[in-house]
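*Asks:* Below is the structure I would like to discuss, written out as structure tokens.
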Amino acid sequence: MTAPEVSAEVSAAVSAEGLPAISPATLAAFEARLRGMESRYHIHHPFNRRMASGQCSPEQIRGWVANRFYYQLNIPLKDAAILSNCPDRATRREWVIRILDHDGTDTEPGGIEAWTRLGEAVGLTREQLWSQELVLPGVRFAVDAYVNFARRAPWQEAVCSSLTEMFAPAIHKERLSGWPDQYPWIQPEGLAYFRSRIPLAQRDVDHGLRVTLDYFRTPEQQTRAVEILQFKLDILWSMLDAIEKAYPD
């Protein structure tokens, strides 16, 4: 894909904040370009397609849940890395909520606990999940690469990498609608994680998009944003590659 064209007038203009100005049309095209990457989201991975159509065995479901738990554990570490690199107080105050969403509070258990309950609902024990004994090397490598990227990249680039959440509500809704009939052996209360993430993902996307659209202004920067989002999509896809190989049909 090529970068969107920007007129000479727009390229030469400078915003009040000292950043290159950008026309609404160019901004809309950039956002559409990011959203258009949905076709590369792991919802389309062969393993996920089998899972969504009820074709996975209990062993495959448990393997997926156990390995995805490693990703859940590392989300707060990724978000803390973004905070540690971000000098903007307003952004930090908005972003820190994500850590609490996953780690939880005294009154709200959080996403990690919700995923633990999903593990129990599919027949895993807390000890199996938290010991990470079922985490595959390929999954560990992919997740660690994502956290390391967040630690080393400019915080705006790390924020951009989180925009795979644009595509997440569809996959959550798919599981909520399909799993009760396709996998009746899964205890229904274990699906609460997917239900809770739908509104939270939209809130997070709204913030992440604001940062991304404000920071990546030139054609070169926008191409960089596409590359970053592709990197994150590759992380999620490669996790399923590893799981699919370890848990074949």
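The values are calculated or read from the model by the stated rules, or taken from the named source; none is laboratory data. Remember, it's a predicted structure, so these values are computed and weren't measured experimentally. All Cβ positions, glycine included, derive from the backbone under ideal geometry; neighbour counts span all protein chains shown. Surface accessibility is based on the protein's heavy atoms, side chains included, excluding ligands, DNA and RNA. Shrake-Rupley method; radii C 1.70, N 1.55, O 1.52, S 1.80 Å.
*Asks:* Any residue in the range 221-249 that's farther than 26 Å from R35 by Cβ and open to solvent by 40 Å² or more (accessible area, probe 1.4 Å): show its pairings with residues that are aromatic (F, W, Y) and modelled with pLDDT of 95 or more at Cβ separation under 9 Å, as long as the two are six or more apart or on different chains.
*Replies:* Final answer for the pair search is E244/F47.
*Asks:* Identify, by number, the condition in (1) touching a residue at least 24 places away in the same chain (Cβ under 8 Å); (2) among the charged types (D, E, K, R); (3) open to solvent by 50 Å² or more (accessible area, probe 1.4 Å) that D101 doesn't meet.
*Replies:* Checking D101 against (1) touching a residue at least 24 places away in the same chain (Cβ under 8 Å); (2) among the charged types (D, E, K, R); (3) open to solvent by 50 Å² or more (accessible area, probe 1.4 Å), the one that fails is (3).
*Asks:* Mind checking which residues of the range 153-162 are open to solvent by less than 20 Å² (accessible area, probe 1.4 Å) and part of a helix (DSSP H, G or I)?
*Replies:* A158, V159, C160, S161, S162
*Asks:* If you don't mind, another one. Within the bounds of the range 132-139, is there any residue that is out of contact with any Pro (no Cβ under 7 Å at 6 or more places or on another chain), in contact (Cβ under 8 Å) with a residue 60 or more places away in the chain, assigned to a helix (DSSP H, G or I) and surrounded by 15 or more Cβ atoms within 10 Å (Cβ to Cβ)?
*Replies:* yes
*Asks:* Additional query: I'd like to verify a number: residues in the range 175-187 that are loosely packed, with under 13 Cβ neighbours inside 10 Å and either free of Cβ contacts under 8 Å to residues at least 12 places away in the same chain or among the β-branched types (V, I, T) (or both), how many?
*Replies:* Residues meeting the conditions: 3.
*Asks:* Residues to consider are A150, A142; find the one that is touching a residue at least 12 places away in the same chain (Cβ under 8 Å), assigned to a helix (DSSP H, G or I), open to solvent by less than 10 Å² (accessible area, probe 1.4 Å) and more than 23 Å from E59 (Cβ to Cβ).
*Replies:* On the way: A142 fails: more than 23 Å from E59 (Cβ to Cβ).
When all the criteria are applied, what remains is A150.
*Asks:* Just to confirm my filter: which helices (runs of 4 or more DSSP H) fall fully inside the range 163-249 and include at least 3 residues that are under 22 Å from P109 (Cβ atoms)?
*Replies:* Qualifying helices (runs of 4 or more DSSP H): 168-182, 192-215.
*Asks:* What are the residue pairs meeting all of these: first residue in the range 109-128, first residue under 13 Å from G63 (Cβ atoms), second residue open to solvent by less than 40 Å² (accessible area, probe 1.4 Å) and charged (D, E, K, R), Cβ atoms under 7 Å, and 6 or more apart or on different chains?
*Replies:* none
*Asks:* Picking from L129, L124, which residue would you name as being assigned to a loop (DSSP other than H, G, I, E, B), open to solvent by less than 20 Å² (accessible area, probe 1.4 Å) and among the hydrophobic types (A, V, I, L, M, F, W, C)?
*Replies:* When all the criteria are applied, what remains is L124.
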